[in-house]
Amino acid sequence: MKLVCVDCNKEVSADLFDYQCTCGGLFDIVHDTAQLDAEFLKRVFHDRLSERMTPYASGVWRYKELIFPELADEYITTKYEGNTGLYASEQIQSYTGSNRKVLLKAQSENPSGSFKDNGMTVAVSHGRSLGYQRFTCTSTGNTSSSLAMYASLANQESYVFVPNKNISLNKVLQTLAYGANVISFDGTYDDGIRFYEQHSKELGLYICNSINPFRIEGQKSIVYEIAQYLNWNLPDWVVIPGGALSNVTALGKGLQDLKKLGFIDKLPRVALVQAEGASPFHRMVAEGRTELVPEPTPYTRASALNIGNPPSWKKALRTLEETNGVTCSVTDQEILDAKAWVDKSGIGCEPASAATVAGLRKLIAQQVIDKDETAVCILTGNMLKDTDALHEYHLGESSTTSYKNAIRPAELTLDSIQSIL
Ligand SMILES: Cc1ncc(COP(=O)(O)O)c(C=O)c1O
Ligand SMILES: N[C@@H](CCOP(=O)(O)O)C(=O)O
């Protein structure tokens, strides 16, 4: 490989990296292909692509035997979901006060931008195998975007019900753009679920919310992936946010599978973090009760967690009991500050996901989690899912943090830019 000037044809070694030739022209990169064996390369490229082209390249369907072994491949509707990054972040280590590098599992890298894809690929595939052509959900926006994406991919119709306030417009737009029929209603996610519980049979639609156990089966793959990436050695703690409590349920089921199969020796402890304004499960655990008292008017800025009556609470309790788990709640300000750190670490997430990092910081400060223990935080959604939250935090008048005035105007002169560096 060498650099060749487009103006004067001067050749320079690529090791002497530069942007411009001495004559002022730009460089092209020119490869030496004479030595390459084209047939060999074609085979290598073919092998690499064929791995990518089967459903088993998906980070969900790779584990089909543990998720839905009976499903015929023809029904699999996949966008190669999963295979999301697992990052060790020194910045988040320092923010949380841990002595160990904190791992972040970026479910935000899924095709529709949230962990819902891990479950939705399985639900939609299952619905199709039963002959359904119309799919539905109620949603604060991520479940609906994911459903809309898979339904359209399978050339099926989707009908989604979204609350008419306190959810992110970006998610509704994403859902619309993927082609769903979007119906907004005056109420919360909880009202939507209550409606389904009463009318699912008459509707004749395939329900893709997490009351559908096939969603949970797909979401188990998140912890399988974490374990596989870490060569089946899980950290001491898995920290996860909780709203409807489907994901913590899936985590618990996935961990049990891995333990039963002997892939892992012991279960990590689970820390479930809820937003203070929508924390009925945490309150139940903290008060030592065994019955959940729903919150009639949940509110948190982390809109994905705006759930007062989580349908999966009994299953979630099972996960906590089996893993000697803990719960905690964090304020919206703690969530948004933690989110700013996750964003700044280069990974990024939406507010609901950052509850994990805020929770880890709090649990370390309270010495519930030891500074020397290892932890992975599950980041459930993408930072662009809620650009209003970014706007409010970084540019809004109400911002009280160090990010205020973070965007400074500068002239494009060397002095001006150097004075910022
Ligand atoms: C981005 C995001 N994080 C976390 C959650 C909470 O997960 P769960 O409802 O499974 O508890 C949701 C929605 O449910 C979500 O959309
Ligand atoms: N945040 C969720 C709410 C929970 O939905 P479910 O899929 O677990 O039923 C959303 O994106 O709608």
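The values are calculated or read from the model by the stated rules, or taken from the named source; none is laboratory data. Values in this document were obtained by computation on a predicted structure and should not be read as measured data. Positions of Cβ are backbone-derived with ideal geometry, glycine not excepted, and every protein chain shown enters the neighbour counts.
Checked against (1) more than 13 Å from ligand 2 (Cβ to nearest atom); (2) in a loop (DSSP other than H, G, I, E, B), A244 passes all but condition (1).
Which members of segment 247-270 meet the condition of being in a strand (DSSP E or B) and either in contact with a Cys (Cβ under 7 Å, 6 or more places away or on another chain) or not aliphatic (A, V, I, L, M) (or both)? R269 - this is the single residue of segment 247-270 that is in a strand (DSSP E or B) and either in contact with a Cys (Cβ under 7 Å, 6 or more places away or on another chain) or not aliphatic (A, V, I, L, M) (or both).
Test of understanding: among L245, L169, L230, L176, which residue is within 24 Å of M149 (Cα to Cα) and in the same structural domain as L104 (by TED's automatic domain parsing)?
Numbers: L169 fails: in the same structural domain as L104 (by TED's automatic domain parsing); L230 fails: within 24 Å of M149 (Cα to Cα); L176 fails: in the same structural domain as L104 (by TED's automatic domain parsing).
Every option except L245 fails the conditions.
Of all the listed residues (S210, S221), the sole one being at negative phi, buried (at least 24 other Cβ atoms within 10 Å of the Cβ), of a type in the set (S, T, Y) and more than 14 Å from ligand 2 (Cβ to nearest atom) is S221.
Just one of K260, K315, K253 is surrounded by fewer than 24 Cβ atoms within 10 Å (Cβ to Cβ), without any contact (Cβ under 8 Å) to a residue 12 or more places away in the chain, under 28 Å from F214 (Cα atoms) and not hydroxyl-bearing (S, T, Y); which is it?
Working: K315 fails: without any contact (Cβ under 8 Å) to a residue 12 or more places away in the chain; K253 fails: without any contact (Cβ under 8 Å) to a residue 12 or more places away in the chain.
None of the other options fit; the residue is K260.
In the set S139, S158, only one residue is buried (at least 24 other Cβ atoms within 10 Å of the Cβ), within 16 Å of ligand 1 (Cβ to nearest atom) and small (G, A, S); that residue is S139.
Given the criteria surrounded by 16 or more Cβ atoms within 10 Å (Cβ to Cβ), in the same structural domain as L305 (by TED's automatic domain parsing), assigned to a helix (DSSP H, G or I) and more than 13 Å from ligand 2 (Cβ to nearest atom), does V239 qualify? So that I can check it myself, show each step before the final result.
Values: surrounded by 16 or more Cβ atoms within 10 Å (Cβ to Cβ): yes; in the same structural domain as L305 (by TED's automatic domain parsing): yes; assigned to a helix (DSSP H, G or I): no; more than 13 Å from ligand 2 (Cβ to nearest atom): yes.
When the stated conditions are applied, V239 does not pass them.
In the condition set (1) within 25 Å of C349 (Cα to Cα); (2) free of Cβ contacts under 8 Å to residues at least 12 places away in the same chain, E287 is compliant with all but (1). Suppose the filter is among the aliphatic types (A, V, I, L, M) and within 16 Å of ligand 1 (Cβ to nearest atom); does I207 pass it? Spelling it out, I207 is indeed among the aliphatic types (A, V, I, L, M) and within 16 Å of ligand 1 (Cβ to nearest atom). The single condition among (1) modelled with pLDDT of 95 or more; (2) touching a Ser or Thr at 6+ places or on another chain (Cβ under 9 Å); (3) over 26 Å from D386 (Cβ atoms) that G97 does not meet is (2).
For segment 333-371, give me each residue that is away from ligand 1 (no atom under 15 Å from the Cβ), closer than 20 Å to L272 by Cα and outside any helix (DSSP H, G or I). Matches in segment 333-371: Q366, Q367, V368, I369, D370, K371.
State whether one or more residues within segment 147-167 are within 23 Å of G59 (Cα to Cα), part of a helix (DSSP H, G or I) and touching a Lys or Arg at 6+ places or on another chain (Cβ under 6 Å). There is no residue in segment 147-167 that is within 23 Å of G59 (Cα to Cα), part of a helix (DSSP H, G or I) and touching a Lys or Arg at 6+ places or on another chain (Cβ under 6 Å).
Exactly one residue out of L305, L336, L320 is touching a Pro at 6+ places or on another chain (Cβ under 8 Å), under 26 Å from L267 (Cβ atoms) and assigned by TED's automatic domain parsing to the domain that holds I369, and it is L305. Quick one: would you say Y132 is touching a helix residue (DSSP H, G or I) at 6+ places or on another chain (Cβ under 7 Å), assigned to a loop (DSSP other than H, G, I, E, B), of a type outside the set (D, E, K, R) and away from ligand 1 (no atom under 14 Å from the Cβ)? Answer is no for this residue.
Condition (residue is within 12 Å of T323 (Cα to Cα), away from ligand 2 (no atom under 16 Å from the Cβ) and buried (at least 24 other Cβ atoms within 10 Å of the Cβ)) applied to segment 272-290: is it met by at least one residue? The answer is no; no qualifying residue exists. If I filter segment 6-27 for residues that are modelled with pLDDT of 95 or more, closer than 30 Å to Q366 by Cα, surrounded by 11 or more Cβ atoms within 10 Å (Cβ to Cβ) and among the aliphatic types (A, V, I, L, M), do I get at least one hit? Among the residues of segment 6-27, not one is modelled with pLDDT of 95 or more, closer than 30 Å to Q366 by Cα, surrounded by 11 or more Cβ atoms within 10 Å (Cβ to Cβ) and among the aliphatic types (A, V, I, L, M), which makes the answer no. Of the residues contained in segment 87-101, none is found to be under 15 Å from the mean Cα position of the chain (by Cα), assigned to a loop (DSSP other than H, G, I, E, B), away from ligand 2 (no atom under 12 Å from the Cβ) and among the small types (G, A, S).
Of the residues T374, T290, which is at pLDDT 95 or above and more than 14 Å from ligand 1 (Cβ to nearest atom)?
On the way: T290 fails: at pLDDT 95 or above.
The conditions single out T374.
Does L147 satisfy being buried (at least 24 other Cβ atoms within 10 Å of the Cβ), in contact (Cβ under 8 Å) with a residue 24 or more places away in the chain, at negative phi and away from ligand 2 (no atom under 16 Å from the Cβ)? No; evaluated as a whole, the condition is false for this residue.
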